[in-house]
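One structure is given below, encoded as structure tokens.
The values are calculated or read from the model by the stated rules, or taken from the named source; none is laboratory data. A quick note: this is a predicted structure, and the numbers were derived from the prediction, not measured. Cβ: placed from backbone, ideal geometry, glycine included. Neighbour counts: every protein chain shown. Remember, those area values only see protein heavy atoms, side chains included, never the ligands or the DNA or RNA. Shrake-Rupley method; radii C 1.70, N 1.55, O 1.52, S 1.80 Å.
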Amino acid sequence: MIYAARRHATPEHGVAVVRIALPLTGIDDALGRARLFLLVGVAVAIAAAVAMAAFGTHLLTRPVRSLTEAALAMAGGNLAVHAPAQGTDETAQLGRALNRLSSELLSAIEELRDERDLLASILDGMNEGVLVTDGDARIVLANRALRGMTLVGEGSLGKSVIEVIRNASLQEALDRADTSSEAIVREVELSGLMPRKLLVRVSKLPSRKDRDRGANDRGLIAVFHDVTDLRRLETIRTDFVANVSHELRTPVTAISTAAETLLAGALGEPEEAAEFVDVIDRHAKRLRQLVDDLLDLSKIESKNYRLVLVEQDVIPVVGHVARLLDEAAKRRRVELRIERAEGPLPARVDRRAMEQVLMNLLDNATKYAGEGAHVTVSAQARAGGGVEIRVIDDGPGISPQHLGRIFERFYRVDAGRSRDLGGTGLGLSIVKHLVELMNGTIDVESTLGKGSTFTVRLPPTGERASRDRG
Ligand SMILES: Nc1ncnc2c1ncn2[C@@H]1O[C@H](COP(=O)(O)OP(=O)(O)OP(=O)(O)O)[C@@H](O)[C@H]1O
Ligand SMILES: [Mg+2]
């Protein structure tokens, strides 16, 4: 409570005292309210100050944060992002520098990518196989030609060479090249599904100072040339020379021996002389046959050799050749039959070449089928057009290992027997060339003990004529 008293003196009434008393609770309340108001005001002011400070900082650091985000994205490989670069302040300048860097990086990467694609297409377009290994002897590149030559699959990357090409000679070349400053050249022979002869040149990759730890850390590059066909041709050529010499030597020796014997006195003995003259005659004929065949073959194989293809009925040609061979067939005790279609069988052929083909096939059939055999020559129209001539015998047949080779020059199943029968092994290769020059095909089917069938197929005349015009 609060008390107040005042003395009041007047002349008429004397002294009077006025006294009042008031309770203090109202003042306490008012003071409390004033204090609360003050506290709330101070708190709001502090909060506002903090918020304003935070907002100000945020505004100030935003460009720096954007720059950081852009730089991180670029570092992560995303060169498409753009750093903020508006304005003239330092952050804008930094942003522009960052953007220039990323666009230069982008065009450098594109250039590298183009170069890589160009290199890849050059490597894949090469006829030579290319194999590259790294310093740990793991395959890092195998181009398309190499995959074709060696049947190495796409999954060979990262493997060692011996895992994918099992060849000791190749491995030895790689090992030697690894320790040598010279290139190593080897001819390796791959067996298996696709036998191949490959000439390989292995050398060290050029040094890359930034990566290579030492000379032996450098990878290797091996370049492969497929020499399979080349070696085959070389073998054919050497075989050919050997065969020709051998074939020539036999009749030449026989002729010179017979002539020497005649000169040594046999001339005086008419009977003996006749025998030796007969030897000379037979071997001279054989020599002529051989030379004729060789000349025929070299003419036919030369690119300029042209046949005169005329559309004609092949039945008379078949009949003519069968008549020519009839005598020889009888002598060999072989029955020769002709099966021919009713009507004419037109084909575009060279008459002389066609006769030569049929002569060779019928001569072989009657010669190799043996006594008592049957030989049939059949001429029919093909279902899809064209003509099919088959020479069928029921002789001993040809075993599969020889079948694929009998069209090669000088190839004979039984050289001794064939030579005794007057054969040189050139007949079927001449036949094949001639048939192909007449746009036809020839193939053979044979079963040991049952006989052989040689089939010549000639294309339809219309088709050939239109192809000629085209
Ligand atoms: N019908 C056949 N039956 C069995 N073997 C055959 C038959 N035709 C060919 N041959 C075999 O194929 C080989 C090659 O025949 P090819 O006609 O080319 O030569 P050739 O008959 O020996 O000699 P040429 O025909 O030059 O006189 C023959 O030596 C023979 O062994
Ligand atoms: Mg023959």
L119/A73 FRET efficiency (R0 35 Å; Cβ-Cβ; nearest 0.05): 0.70
Helix 427-437 vs. the chain, principal-axis angle (Cα, 0 to 90°, nearest 10): 60 degrees
Hz values of 3J(HN,Hα) by residue in the stretch 47-62 - Karplus curve (6.51, -1.76, 1.60), Gly and Pro given as x: 4, 5, 5, 4, 4, 5, 5, 4, 4, x, 4, 4, 4, 6, 8, 4
Dipole magnitude (debye, nearest 20) for the stretch 290-438, charges at Cβ of Lys, Arg, Asp, Glu: 220 debye
Efficiency of FRET from Cβ geometry, I109 and D175, R₀ 25 Å, rounded to 0.05: 0.10
Sequence-distant aspartates and glutamates (8 or more away, or on other chains) whose Cα lies within less than 17 Å of K197: E128, E172, E187, E189, D226, D229, E234
Reachable lysines from K299, criterion Cα separation under 18 angstrom, eight or more residues apart if same chain: K432
Rounded to 10°, Cα long-axis angle of helix 90-125 versus longest principal axis of the chain: 10 degrees
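Quick one: net charge around L79, please, counting Lys, Arg +1 and Asp, Glu -1 for every other residue with C-beta under 11 Å from its C-beta. If you can, show how the numbers build up before the last one.
On the way: positive: none; negative: E104, E110.
My count for the surroundings of L79 gives -2.
Using a probe of 1.4 angstrom, how much of the accessible area of the stretch 24-98 is carbon and sulfur, in percent? Mind dumping the intermediate values first?
Working: 4080 of 5670 Å².
That share works out to 72 percent.
Could you give the size of the charge dipole of the chain about its Cα centre, using +1 on the Cβ of each K and R and -1 on the Cβ of each D and E, expressed in debye and rounded to the nearest 20? Could you put the intermediate results ahead of the total?
Numbers: 62 positive and 65 negative charges, 418 e Å.
The dipole of the chain has a size of about 2000 debye.
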Reachable lysines from K450, criterion Cα separation under 17 angstrom, eight or more residues apart if same chain: K367
Evaluated at q = 0.12 Å⁻¹: base-10 log I(q)/I(0), Debye formula over Cα of the stretch 232-301: -0.44
Two-decimal log10 I(q)/I(0) for the chain, as the Debye equation yields it once each C-alpha is a single scatterer, q = 0.06, 0.07, 0.13 Å⁻¹: -0.60, -0.72, -1.22
Segments 398-407, 348-357 sorted - mean Cβ within 10 Å per residue, highest first: 348-357, 398-407
Charged-residue dipole, Cβ positions (Lys, Arg, Asp, Glu), the stretch 1-145 about Cα centre, Debye nearest 20: 1640 debye
Cβ-based charge dipole, the stretch 1-123, positive-most Cα from A51, T10, L22: T10
Positive-end residue of Q289, S256, S245, charge dipole of the stretch 232-301 with Cβ unit charges: S245
Neighbourhood net charge (9 Å Cβ-Cβ; Lys/Arg +1, Asp/Glu -1) for R332: +3
Pair L437, V252: separation of 7 Å Cα→Cβ label points (nm): 2.7 nm
Probe 1.4 Å, accessible area per residue of the stretch 1-124, Å²: 82 Å²
Of all accessible heavy-atom area on the stretch 126-226, the percent that carbon and sulfur account for (1.4 Å): 48 percent
FRET efficiency estimate (nearest 0.05) - Cβ-Cβ, A34 to A5, R0 30 angstrom: 0.55
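Just the projected area, averaged over all directions, of the convex hull on the alpha carbon atoms of the stretch 126-226: how many nm²? Mind dumping the intermediate values first?
Values: hull surface 23.8 nm².
Computing the convex hull of the Cα atoms and averaging its projections yields 6.0 nm².
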Alpha carbon centroid spacing (whole Å) that separates the stretch 313-368 from the stretch 51-116: 89 Å
Dimensions in Å of the stretch 310-469 - Rg and Dmax from alpha carbons: 15.3, 48
Peptides 222-230, 425-433, 442-450 ordered by average Cβ neighbours within 10 Å, highest first: 425-433, 222-230, 442-450
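Would you mind getting the accessible area per residue of the stretch 310-469, heavy atoms of the protein chains only, 1.4 Å probe, in Å²? Could the numbers behind the result be given before it?
Numbers: 7630 Å² over 160 residues.
Value for the stretch 310-469: 48 Å² per residue.
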Inter-label distance, nm, simple model (7 Å from Cα along the C-beta direction), T261/R62: 12.1 nm
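Tell me, what is the per residue accessible area of the stretch 166-298 in Å², probe radius 1.4 Å?
Details: 8640 Å² over 133 residues.
That works out to 65 Å² for each residue.
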For the stretch 24-98, fraction of C-alpha pairs farther apart than 21 Å, in %: 56 percent
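Find how much the distance from A43 to R352 grows on full extension, using 0.36 nm per residue of separation minus their present alpha carbon separation; answer in nm with one decimal. Walk me through the intermediate numbers first.
Numbers: separation 309, 0.36 × 309 = 111.24 nm, distance 12.29 nm.
That works out to 98.9 nm of additional length.
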When the convex hull of its Cα atoms is projected in every direction, mean area for the stretch 328-382 (nm²): 4.3 nm²
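Given the Cα-Cα distance of A54 and A97 and 0.36 nm per residue of separation, how much length would full extension add, in nm? The partial results should precede the final answer.
Values: separation 43, 0.36 × 43 = 15.48 nm, distance 2.93 nm.
Taking A54 through A97 to full extension adds about 12.5 nm, to one decimal.
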Cβ crowding within 10 Å averaged over residues, with 247-253, 24-30, 389-395, 103-109 ranked highest first: 389-395, 247-253, 103-109, 24-30
